[in-house]
Amino acid sequence: MNSTNRRHGAGDRPKKTPVDAVQLPHSKSSRPVMFRLSPLLLALGFCAPALAQTAKSLVLKPTRQLAPPSADAQAAKPALVLQARRIQGQLDQQALAEGEAELRYGELLLRAERFSYNMSSDEVQAEGQVEISRDGNRVRGPSLSLFVQRFEGEFLQPSYFFSQTAAGGTASSLKFLGGKKMRAEAATYSSCPAPEGDTAEPAWQLSATRLNMDFESGEGVAHGAVLRFQGVPILAAPALSFPLGGQRKSGWLPPNISLDSRSGFEFGLPYYWNLAPQRDATLTPFMMTRRGVGLDSEFRYLEPGHGGEVNLALLPHDRVAGRSRWALNLQNRGELGRGWAYRLGAERVSDDDYWKDLPKRIDSATPRLLAGQFQLERRRELGWGEAKVYARVQRWQLLQGLDVASQFASPYQRSPQLGLQLSSQGDEGVLSGYLPWGRRSRLEGSLELEYNRFDLPSEALATQTQTGSRVHLLGHLSLPMGGAAWWLIPKLNLNAASYSLDRPLADGRRSASRSVPGFSLDHGWVFERESSLGGRALLQTLEPRLLYVNTAYRDQSLLPNFDAAPKDFNFDSIYAENQFSGVDRVSDAHQLALGATSRWLDANQGEELLRLGLVQRLLFSDQRITPDGQPLTQRASDLLLLGAAHLSRQWWLEGSLQYNAETSKAARSVLRARYSPGPLRTVSTAYRLARGQSEQLELAWQWPLYGADGTNAPRASASASGGSCKGAWYSAGRLQYSLRDKRFTDSVLGLEYDAGCWIVRVGAERQSTGRSEANTRLLLQLELVGLSRLGSNALKVLRDNIPGYRPLNSERTNLLNASYD
């Protein structure tokens, strides 16, 4: 039967009609609606015939979430479209649709066996297999009452699914409170698909007397909440909030649980306090079975021009140590205007053994050496470069302990440090011009003038006695030149320092000075040629480089050493002009570093497949300023070799070797290999040798043990969500073994079970605190996908320690969405 289109003017009177299609004006918003039979379609104005003809040729692509309307579409009210096998209508009053009935209004899609739509009140009453979809959220149930435009109404006995969290549940009733808010009574919530059987429960389920979902603020709140896992209650609270997105909301967070050999079982319950859009705090009361109760606190702020955080951990009475213990970490930086900026950072703890007993509350990468400093600086762009003035005060806390054998020398504090830096930059530089053969060049330079007052913390070794002041000047001038395939950089250097000391030197002086000039010439080339390997087009490079250094000798044996330290001998430092970092030591040199690197690159994608390199330093005269204080007479340094290969997508190989020709042995070597055939499958191994110091083996991995298919998704995860334990088991870990000490050092072992909608991680972490001491921590974490993680942060430990580790839930959203189709 063909549809009939009628347009009524202002003088037409509404009347009942048996026609198959009729267009009625909406009394509240004057929206024209149209019904069309087989399928019966309601469209807008005179475009109905064209839309009906176009609809026959359209092929709709299924999608979980309708695309957001454009700005123009949002400005105009959308049409209300009905479709059903049979429609009856009363003009200006109501319409009744029966048989596979559908209602579309913007992003809203309503399906039911039958519904009635009242145009005066904009209310729809639907019955029989009702399903409503909006913004990717779906609700199903036997009956619905809804005000369409306001999106307010009530669903009875519904089941629901929220695409934003890939979770859903059931309720006795669900009320829509606008486009972004819902309230469910006697509700459940879970990301696990409902198992078969009327009495069966999902693997995990949150039950609540009332469940509020606010997608605008990104928060869900369950009142009278009980969280069950495998049917067993594991958490109950009068009110429990959980995130629906990345928004920040105040409320209790899931508990932290850990177990270690020094503190016993620890339970912490964090409360997140969203103070303001630019400020928040987290307060975590905790209890340790061996040590007592305490409080961890974190305060963060991000004001205009300023930002930072303060962490304070308090343990008022440690039953093991018999005293109060605390840790403070303050980090702040900001701008003061007119180009001035500041940085404040300080970390302090209550006692020397804190790093052993409570290591996770120390943030420093050197847990026995804690820094504190305040720095003020100003940068200014000049016509020829940049100028920077700065001031800094630096303090250290050393956690020495009572074991004399484990005590270490303290670095010097700066009280204060005042400096000025000038550097040229840009195309002009200090001077610019053209070389005789037409290449443009520029004279570049830098100057650093600095005053430091050096003193020592109270925990310094008794053998460290010298303190004093130093003024130094570092400067260089260079004339870089080159082209696309070569460079040549001659450079003049100057390192000058003057000392005023609190204690006399070995020769009785309290003041001394020295200046060390130097010259260097850095030259390199990059050659390329086309090549092939196994039929694969490659681009091969040959990159020779040489660095000539001539630095004058100045006796520095009597001078203090406040900040200089030997540089590691590797492919980067061998091309350095000074073998020391800092200012107080400058190695004399008349030498040439000569090396070459060759790379094989994929000609199409530019990916590096193979890299080989070697470099060596040649001495033309003895070197008297050396790291160990003994003159170096050997004319050729150790030979450095490196290699890296990625010939297939599964294998990576890398190695470096420091070879001593006199002993015909490797002084140091590092060999690494990694096999990674796909996501969640990786194995890596490493061997490290520093002759006379350490020799170590390392093995790290993440690998499925049982139940994972080729897509890295849990096998039969939908049924596993019902508790049938048909998910996938994974192993992850990193083992470090000292061949010299014949013992395991820092190591992590983990086991993960992925059931699709929940993941459990069990692990153990061992951290060495001395040659015969170690702290062992047990890890247990339950991740309820779509809700939260409970327990210790095992995921962070695995991610930080295992090369190539990937979280198991990287494919989780697609998997769960598919199971709800």
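Please work out if VAL583 is outside any strand (DSSP E or B) and either at pLDDT 95 or above or in contact with a strand residue (DSSP E or B) (Cβ under 6 Å, 6 or more places away or on another chain) (or both).
Answer is yes for this residue.
List pairs: first in the range 306-320 and part of a loop (DSSP other than H, G, I, E, B), second of a type outside the set (Val, Ile, Thr) and open to solvent by less than 70 Å² (accessible area, probe 1.4 Å), Cβ under 6 Å, 6+ apart or cross-chain?
From the range 306-320, the pairs are ARG319/ARG291; ARG319/GLY292; VAL320/ARG291.
Which numbered condition trips up GLY606, out of (1) surrounded by 13 or more Cβ atoms within 10 Å (Cβ to Cβ); (2) closer than 17 Å to VAL526 by Cα; (3) not aliphatic (A, V, I, L, M)?
It fails just one condition, (1).
Give the residue that is surrounded by the most Cβ atoms within 10 Å (Cβ to Cβ), with candidates limited to residues of the range 247-274 that are under 14 Å from ARG290 (Cα atoms), in contact with a Ser or Thr (Cβ under 6 Å, 6 or more places away or on another chain) and in contact (Cβ under 8 Å) with a residue 40 or more places away in the chain.
Top of the filtered list is SER258.
Give the range 113-125 a look and list any residue that's open to solvent by less than 40 Å² (accessible area, probe 1.4 Å), in a strand (DSSP E or B) and either among the charged types (D, E, K, R) or more than 15 Å from ARG86 (Cβ to Cβ) (or both), or say none.
VAL124
For the range 464-473, how many residues are open to solvent by less than 50 Å² (accessible area, probe 1.4 Å) and not in a loop (DSSP other than H, G, I, E, B)? I'd like the intermediate steps shown before the answer.
First, the residues of the range 464-473 that are open to solvent by less than 50 Å² (accessible area, probe 1.4 Å): 464, 466-470, 472.
With the extra rule that they be not in a loop (DSSP other than H, G, I, E, B), the set shrinks to 468-470, 472.
Adding up the residues that qualify gives 4.
Of the conditions (1) over 20 Å from CYS757 (Cα atoms); (2) part of a strand (DSSP E or B); (3) modelled with pLDDT under 90, ARG248 fails just one. Which one is it?
So ARG248 meets the others, but not (2).
Take the range 567-580 and flag every residue that is open to solvent by 40 Å² or more (accessible area, probe 1.4 Å), within 24 Å of ALA409 (Cβ to Cβ) and among the aromatic types (Phe, Trp, Tyr).
The one that is open to solvent by 40 Å² or more (accessible area, probe 1.4 Å), within 24 Å of ALA409 (Cβ to Cβ) and among the aromatic types (Phe, Trp, Tyr): PHE569.
Give the residue, chosen from ALA184, ALA200, ALA194, ALA237, that is at negative phi and open to solvent by less than 20 Å² (accessible area, probe 1.4 Å). Spell out the reasoning first.
Values: ALA200 fails: open to solvent by less than 20 Å² (accessible area, probe 1.4 Å); ALA194 fails: open to solvent by less than 20 Å² (accessible area, probe 1.4 Å); ALA237 fails: open to solvent by less than 20 Å² (accessible area, probe 1.4 Å).
Just a single option satisfies the conditions, and that option is ALA184.
Mind listing whichever residues of the range 208-231 are more than 17 Å from ALA167 (Cα to Cα) and among the β-branched types (Val, Ile, Thr)?
Answer for the range 208-231, where residues must be more than 17 Å from ALA167 (Cα to Cα) and among the β-branched types (Val, Ile, Thr): just THR209.
So which of SER424, SER432 ends up being modelled with pLDDT under 90, among the small types (Gly, Ala, Ser), open to solvent by 50 Å² or more (accessible area, probe 1.4 Å) and more than 23 Å from ARG323 (Cα to Cα)?
Details: SER424 fails: open to solvent by 50 Å² or more (accessible area, probe 1.4 Å).
Selected residue: SER432, the only one of SER424, SER432 that is modelled with pLDDT under 90, among the small types (Gly, Ala, Ser), open to solvent by 50 Å² or more (accessible area, probe 1.4 Å) and more than 23 Å from ARG323 (Cα to Cα).
Going through the range 275-292 one residue at a time, which ones are assigned to a strand (DSSP E or B) and either within 24 Å of LEU330 (Cβ to Cβ) or open to solvent by less than 10 Å² (accessible area, probe 1.4 Å) (or both)?
Listed by number, the residues that qualify are LEU275, ALA276, ARG279, ASP280, ALA281, THR282, LEU283, THR284, PRO285, PHE286, MET288, GLY292.
Scan the range 79-90 residue by residue and report those that are under 56 Å from the mean Cα position of the chain (by Cα) and either crowded, with 24+ Cβ neighbours inside 10 Å or assigned to a strand (DSSP E or B) (or both).
Filtering the range 79-90 down to residues under 56 Å from the mean Cα position of the chain (by Cα) leaves 79-87.
Answer for the range 79-90, where residues must be under 56 Å from the mean Cα position of the chain (by Cα) and either crowded, with 24+ Cβ neighbours inside 10 Å or assigned to a strand (DSSP E or B) (or both): LEU80, VAL81, LEU82, GLN83, ALA84, ARG86, ILE87.
Hey, among the residues in the range 377-402 that are open to solvent by less than 50 Å² (accessible area, probe 1.4 Å) and free of Cβ contacts under 8 Å to residues at least 40 places away in the same chain, which one's farthest from ALA462 (Cα to Cα)?
GLU386
Considering the range 376-405 alone, what residues qualify as being assigned to a strand (DSSP E or B) and hydrophobic (A, V, I, L, M, F, W, C)?
Within the range 376-405, LEU376, ALA387, VAL389, ALA391, VAL393, TRP396, LEU398 meet the criteria.
Return only the number of the condition from (1) open to solvent by 10 Å² or more (accessible area, probe 1.4 Å); (2) more than 30 Å from ARG86 (Cβ to Cβ) that LEU211 does not satisfy.
(1)
Sort out which residues of the range 328-355 are modelled with pLDDT of 90 or more and outside any strand (DSSP E or B), and write them in order of number.
At the first step, the residues of the range 328-355 found to be modelled with pLDDT of 90 or more are 328-336, 340-355.
Correct list: SER350, ASP351, ASP352, ASP353, TYR354, TRP355.
Output the qualifying pairs, or none if there are none: Cβ atoms under 7 angstrom, residues six or more apart or on different chains, first residue in the range 544-566 and open to solvent by less than 70 Å² (accessible area, probe 1.4 Å), second residue basic (Lys, Arg).
Filtered contacts from the range 544-566: GLN556/ARG514; GLN556/ARG585; LEU559/ARG514; ASN561/ARG585; PHE562/ARG470; ALA564/ARG585.
So, in the range 493-534, how many residues would count as being outside any strand (DSSP E or B), open to solvent by 80 Å² or more (accessible area, probe 1.4 Å) and closer than 30 Å to LEU610 by Cα?
1
May I ask you to say which residue of ALA327, ALA313, ALA341 is aliphatic (A, V, I, L, M), open to solvent by less than 70 Å² (accessible area, probe 1.4 Å) and farther than 30 Å from ALA391 by Cα?
Exactly one of ALA327, ALA313, ALA341 is aliphatic (A, V, I, L, M), open to solvent by less than 70 Å² (accessible area, probe 1.4 Å) and farther than 30 Å from ALA391 by Cα, namely ALA313.
Filter the range 639-674 down to the residues that are of a type in the set (Ser, Thr, Tyr) and surrounded by 17 or more Cβ atoms within 10 Å (Cβ to Cβ), then identify the one that is nearest to ARG611 (Cα to Cα).
Only one residue fits best here, namely SER656.
Which of the residues belonging to the range 131-167 are in contact with a Pro (Cβ under 7 Å, 6 or more places away or on another chain) and in a strand (DSSP E or B)?
Within the range 131-167, VAL139, ARG140, GLY141, LEU156 qualify.
I'd like to check which strands (runs of 3 or more DSSP E) are fully inside the range 589-667 and have at least 1 residues that are more than 40 Å from the chain's Cα centre (by Cα).
589-602, 608-619, 651-660
For (1) open to solvent by less than 50 Å² (accessible area, probe 1.4 Å); (2) at pLDDT 60 or above, each residue gets a yes or a no:
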site: ARG64; (1), (2): no, no
site: ALA67; (1), (2): no, no
site: ALA71; (1), (2): no, no
site: LYS77; (1), (2): no, yes
site: ASP92; (1), (2): no, yes
site: ALA95; (1), (2): yes, yes
site: GLY99; (1), (2): yes, yes
site: GLU102; (1), (2): yes, yes
site: ARG111; (1), (2): no, yes
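Residues being farther than 30 Å from GLY468 by Cα and open to solvent by 40 Å² or more (accessible area, probe 1.4 Å): count how many of those fall in the range 581-597.
2
The values are calculated or read from the model by the stated rules, or taken from the named source; none is laboratory data. The structure displayed is predicted, hence computed values, not measured ones. Cβ coordinates were reconstructed from backbone atoms using ideal geometry, including for glycine residues, and neighbour counts include every protein chain displayed. Note: areas computed on protein heavy atoms with side chains; ligands, DNA, RNA excluded. Shrake-Rupley method; radii C 1.70, N 1.55, O 1.52, S 1.80 Å.
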